[in-house]
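Participant: Here's a structure for you.
Computed from the coordinates by the stated procedures, all read-outs in this text should not be read as laboratory data. What you see is a predicted model; the values in this text were computed from it and never measured. Every residue, glycine among them, receives a Cβ derived from its backbone with ideal geometry; neighbour counts consider all protein chains shown.
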Amino acid sequence: MIYFLCGLLFLVGLSGILLKRNLIKIIISLTIIEYSLFMFLALVGYKHKAVPPIITSLTEKNNYVDPLPQALVLTAIVIGLATTALLVALAVRIYEKYGTFDIREIRKLKG
Amino acid sequence: MKGMTEIVKTISRLLAGLIFFYGIYIVVFGHLTPGGGFAGGIVISGAFILLIIANGIDEEKINRVREKAGFLESSGIFLFWVISTIGLCMGTFFFLNFLGKGKPLNIFSAGTVPLCNIAIGIEVSAALCSIVIAFMLVKKGDKK
Amino acid sequence: MGSSSITQYLLPVLVVLPLGGALLIQLLKKVSKLISDIIANFILVVLVVLVFSLLNNPVLVYKVGGWMPVKGIPVGIYLVLDGLSLLLLIIINMIGLISLIFSISYMNKFTNKPLYYTLFLLMITGMNGVVLSGDLFNIYVFLEVAAIASYSLVAFGTEADELEASFKYQVMGTVASAFILLGIIIIYSITGTLNLADIGRVLKDKATETPLILTGILFLVGFGLKGAMMPFHAWLPDAHPSAPAPISAMLSGVLIKAIGIYVLVRIMFNVIGVTPIFSNMMLYISAISMTAGVFLAFAQWDFKRLLAYHSISQMGYVMLGIWLMTPLGILGGLFHMLNHSVFKSLLFLNSGAVVYGTGSRQLKRLGGLNQKMPVTGGTSLIASMSIAGLPPFNGFWSKLIIIMACIQSHHFFLAALAVLVSIMTLVSFLKVQRYAFFGELKQASKDIKEVPFAMCFSMILLAFLCTTMGVLLFPGAKELFIDPAVNVLLNGKGYISLVLSR
């Protein structure tokens, strides 16, 4: 069920990129896509009634959640941060040059 | 960029130190509790950004801060690079954990992991500071 | 636990060295103006020497951090070097070195040269990492390193159209990364491992067809976007011309191969396995991009934009060769990949020299440059003949092999199409030569000069490679450079046991 919600979020982001005409809204849509993936990735490692994967002498159980996806999510979040920061910086510079965020008016390149 | 009112300035001064030390705590204990270089670095940079926004900053100073942040950023990540390369230079593997592992749950344990955390903490805090400062600069240029 | 030879420790150096150089440049940029030039070029020279010293080795596997496999199941991140990776490494580092030599003079007109070198070395780091890595998520990380560096390099001039192109490129690139990441997640949820060889081993035992088709399509879309195959090509003609010329050469000559085609081919051939439906689909995609790229290039009057469309078309050739799946086709495809990186980067460097000399890249405004810039004119003539596939030059041999492979596997239509596209490429480059380098010298460009020595040197070097690389097909050189790469792809899933046994 939650998997489908992730898929839905992914599609929301994708449609946002395709339909919106504002640079900032496109960036937000990209972030939505990324977050849907993070959620999906975290869900892959989920186990019912499991404990966090911190191994101490006190916990001797065997049902840890899968720690690998969590590490992957962290890495992916850092990458997402870098991409988003760069995108926003570009958008601000574009605003300086063109005076607008509307992609219909930003079309110096053709064909 | 102008500062805010006196109330905000006073409170931010009080808070910034607290946030800064909390960030350092997260970085240093990164190998024992949840957190680590990235999360702690973000908290540390939060302290600086808070101060900058609350107290305001002028053109001349902002460039100085930016240069320092850039330098710290590169040196932090260079430190990380050095730590990871030492293992390679010792004739074995990249990222080798060449220090003793110590006892679990001690602060001096887990070999190179705390050192890496500290390097990442420096790098991330400086990087986030410079990102925010870069956006401030752009906003200023816009008003001209 | 096999080889403990010293050579395997050279693998991480290929990734670590440019990364450290990038950071050193940022730390030392205050010391002297020349220091960034020296560090960057020195590192690339070392890398090229290293790569060539790795020739003629067996498959090398390096386990990062010394994490040994437990009960034959890999735990840590693997770096794997085989013939295919080596071919890509040669392309990356050789073209990287030549572009760097070119940019010593070329980048003087931009303000922040150390930053440029830092980003350049980061891009090299990312691409070397992608090519060497034997771990799916690690590939994704390095791919993002290379891609983010290239986004900022495209916007390096911070002119309006460059920013716009970079934004477009970055939106497309991020969507592509999202698709790739989704594919990786699905593969992880099926197999529970991220090591390429281990994924292949787990998939052998399981009979799960449907999710694999899904991931195949996701990877196709993702890497298709990164590698600018035809339906996903829209960003390339904007992004590649907007970058500074050495970066255009790197993007067109190397980046779309290393992070687009290489990864797709590696995953499909060596890990998941190619179904006939998939390979047929890829054949048609490559045929379409081959044809449409050249048609779109026909209408262009902007020198660099025309070259960018030809990149799409030539990448179609490469893919056509590889996805024929016959030994001859793979040989042709990989050889054309090598050749394309040489002549396309030469052409982009030529266009950079023209921009440097005249300040314009509109073909209609140029003319008669041969009288004033003999080196640029001569090398561009060689490159044009090479890309069009005229006999003594390298482009001819690889195209010939691809067409022969088409005929051999009874794809007569594709063979005819390849010949047709080749002829149209020739026509298109005759146009370039006619308008830019031959004909009357325009009044506006009376006082232009030949470009500085470093730029001439790199162009002549590439032109020399263009004329002589046909030699690689002869016995002796062929076994050293191309055959190992071909064997990796022909071996298919043999890759799995080869890596896991070490």
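Participant: Can you pull the mean other chain C-beta count within 10 Å for peptide C:182-194?
Facilitator: 4
Participant: Still on this structure: Could you pull out every one of the aspartates and glutamates with an alpha carbon less than 17 Å from that of B:K9, ignoring same-chain neighbours closer than 8 positions?
Facilitator: The qualifying aspartates and glutamates are B:D58.
Participant: Between the DSSP loop rule and a limit of at most 16 other Cβ atoms within 10 Å, which chymotrypsin sites (Phe, Trp or Tyr not before Pro) in segment C:183-279 are left?
Facilitator: Passing sites in segment C:183-279 do not exist.
Participant: Sticking with this structure for a sec: Helix C:394-408 sits at what angle to the longest principal axis of chain C, using alpha carbons and giving 0 to 90 degrees rounded to 10?
Facilitator: 50 degrees
Participant: Now a separate question. What's the longest piece of chain C with no exposed GluC sites (Glu not before Pro), counting a site as exposed if DSSP puts it in a loop and it has at most 11 other beta carbons within 10 Å? Walk me through the numbers before you get to the answer.
Facilitator: Working: sites that count: C:E209, C:E440.
For GluC sites (Glu not before Pro) (loop position, at most 11 other Cβ atoms within 10 Å), the longest site-free span of chain C is C:210-439.
Participant: Return the average number of partner chain Cβ atoms within 10 angstrom of each residue Cβ along peptide C:131-137.
Facilitator: 1
Participant: Still on this structure, please answer the following. Ranked highest first by the average count of other Cβ atoms within 10 Å around their residues, in what order do C:80-87, B:41-48 fall?
Facilitator: Highest mean packing first, the order is C:80-87, B:41-48.
Participant: Relative to the longest principal axis of the C-alpha atoms of chain C, give the angle of the C-alpha long axis of helix C:210-227, reported between 0 and 90° and rounded to the nearest 10°.
Facilitator: Orientation of helix C:210-227: about 20 degrees from the principal axis.
Participant: Which length gain, in nm to one decimal place, applies between C:Q362 and C:K30 when the Cα-Cα distance is subtracted from 0.36 nm times their residue separation?
Facilitator: That works out to 115.7 nm of additional length.
Participant: Please give the peptides C:15-22, C:386-393 ranked by average Cβ packing (other Cβ atoms within 10 Å per residue), highest first, as a rough proxy for protection.
Facilitator: C:15-22, C:386-393
Participant: Could you work out [θ]222 nm for the protein assembly as shown from helices alone, using -39500 (n - 2.57) per DSSP H run of at least four and dividing by all its residues? Round to the nearest 500 deg cm²/dmol.
Facilitator: -23500 deg cm²/dmol
Participant: Shifting gears a bit: Which entries in the list C:K344/C:K372; A:K97/C:K168; C:K63/C:K226; C:K257/C:K399 go over 25 Å, if you measure between the two C-alpha atoms of each? It would help to have the intermediate numbers written out before the result.
Facilitator: Values: C:K344/C:K372 23 Å; A:K97/C:K168 16 Å; C:K63/C:K226 28 Å; C:K257/C:K399 17 Å.
Result: C:K63/C:K226 exceed 25 Å.
Participant: Okay, next question. List the trypsin sites (Lys or Arg not before Pro) within segment C:11-56 that DSSP assigns to loop and that have no more than 16 neighbouring Cβ atoms inside 10 Å.
Facilitator: For trypsin sites (Lys or Arg not before Pro) across segment C:11-56 that sit outside H, G, I, E and B with at most 16 neighbouring Cβ atoms in 10 Å, the list reads C:K30, C:K33.
Participant: I've got another one for you. What whole-number distance in Å separates the alpha-carbon centres of segment C:281-341 and segment C:68-117?
Facilitator: Taking the Cα centre of segment C:68-117 as reference, the centre of segment C:281-341 is 23 Å away.
Participant: Which net charge results when you count Lys and Arg as +1 and Asp and Glu as -1 among the other residues whose beta-carbon is under 14 Å from that of C:I387?
Facilitator: For residues surrounding C:I387, the net value is +3.
Participant: Provide a whole-number value for the mean count of partner chain Cβ atoms within 10 Å of the Cβ atoms in peptide A:16-26. Don't jump to the answer; show the numbers that get you there.
Facilitator: Numbers: counts 0, 5, 1, 0, 0, 0, 0, 2, 0, 0, 3.
So the per-residue partner count for this stretch is 1.
Participant: Which of C:Y62, C:P276, C:L214 sits farthest toward the positive end of the charge dipole of chain C, with +1 on the Cβ of Lys and Arg and -1 on the Cβ of Asp and Glu?
Facilitator: Going by the Cα projections, it comes out as C:Y62.
Participant: Say each of C:R434 and A:T100 gets a label point 7 Å from the Cα, pointing the same way as Cα to Cβ; how far apart are those two points in nm?
Facilitator: Roughly 3.9 nm, to one decimal.
Participant: Continuing with this model, one more query. Quick one: 3J(HN,Hα) in Hz for segment A:17-24, Karplus 6.51/-1.76/1.60 with θ = phi - 60°, rounded, Gly and Pro as x.
Facilitator: 4, 6, 9, 6, 10, 9, 4, 5
Participant: Using the alpha-carbon atoms, what tilt in degrees (0 to 90, nearest 10) does helix C:35-53 show relative to the longest principal axis of chain C?
Facilitator: Between the helix axis and the principal axis of chain C, the angle is about 50 degrees.
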